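Novice: Below you will find the structure I want to go over with you.
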Amino acid sequence: MDRLHRQLSCLAAGLGVALLSGLAACGAESGSARAAPARVIDSILPRDVAVARFRTGVPEVTALAGGAPTREALVRQFVEALERRDTAGLRELLLTRAEFAWLYYPTNPQGLPPYDLSPGLLWEMSSLNSAKGLRRALQEFGGTSLGYQGHVCDPQTSRQGANTVTGPCTVRLLHGTSDREVRLFGLIVERGGRHKFVSYANKL
């Protein structure tokens, strides 16, 4: 009976926005349950159908547009746009829906087995967290001199098809009279020599 309850809990957790917390709970099960992990599916649609529907009306792209040629330049542009409260400039540094649909999602592990998150759900979660993170960054730092001193990212990168994904990263600022190390954004993706932010989710 306990095993049945765990399986039902995993299935319920796999549906909707509560998926990630459900995965964490399932991962804490006993060794026997971990030996045969349940496949988490957030949609009854086959993956190719879900992808085709998500791309409907979204122009196909073959390369990242905007962004920056190096990670350092990307982070500097982000900080400078934040100092100016330049929301249009900040949007140009972030993955677009088309870039997500055609370039990022197809090789992202969260969209592949065993997770099988649909592009719609993954895009929605990323967009909501990104908007919340950017709002917090603008509230705390927007319109002020940040004294950018550099940034450090996790040295372990993730190769996903033609994409190289880096993060998390912290930015060192001389803000006011104190040195601060802050996580101001989420992951960074590089493809074809261009760098953009996957999300502005942060730890503020």
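We did not get these values from a lab; they are worked out from the coordinates using the rules stated. Only a predicted model underlies this, so the values are computations on that prediction, with no experimental measurement involved. With ideal geometry, Cβ positions are generated from the backbone for all residues, glycine too; neighbour counts draw on all protein chains shown.
Novice: Please sort by residue number the trypsin sites (Lys or Arg not before Pro) in the stretch 84-118 whose DSSP state is loop and whose Cβ has at most 16 other Cβ atoms within 10 Å.
Specialist: Arg85
Novice: Counting only other residues whose beta carbon sits under 15 Å from that of Pro168, what net charge do I get with K and R as +1, D and E as -1?
Specialist: Around Pro168, the charge tally is +2.
Novice: So if R0 is 41 Å, what FRET efficiency would Leu174 and Ala52 give, r being the distance between their Cβ atoms, rounded to the nearest 0.05?
Specialist: That pair, Leu174 with Ala52, gives E of 0.25.
Novice: Something else: Count the net charge of all other residues whose Cβ sits under 11 Å from the Cβ of Gly89, scoring Lys and Arg as +1 and Asp and Glu as -1.
Specialist: Around Gly89, the surrounding residues sum to -1.
Novice: Subtract the Cα-Cα distance of Glu181 and Glu140 from 0.36 nm times their separation in residues, and report this length gain in nm to one decimal.
Specialist: Contour length minus Cα-Cα distance gives 13.4 nm.
Novice: In debye, nearest 20: dipole of the stretch 43-197 around its Cα centre with unit charges on the Cβ of K, R (+) and D, E (-)?
Specialist: For this selection, approximately 160 debye.
Novice: Which net charge results for the neighbourhood of Leu103, defined as the other residues with beta-carbon distances under 13 angstrom from its beta-carbon, given Lys and Arg at +1 and Asp and Glu at -1?
Specialist: Result for the neighbourhood of Leu103: +2.
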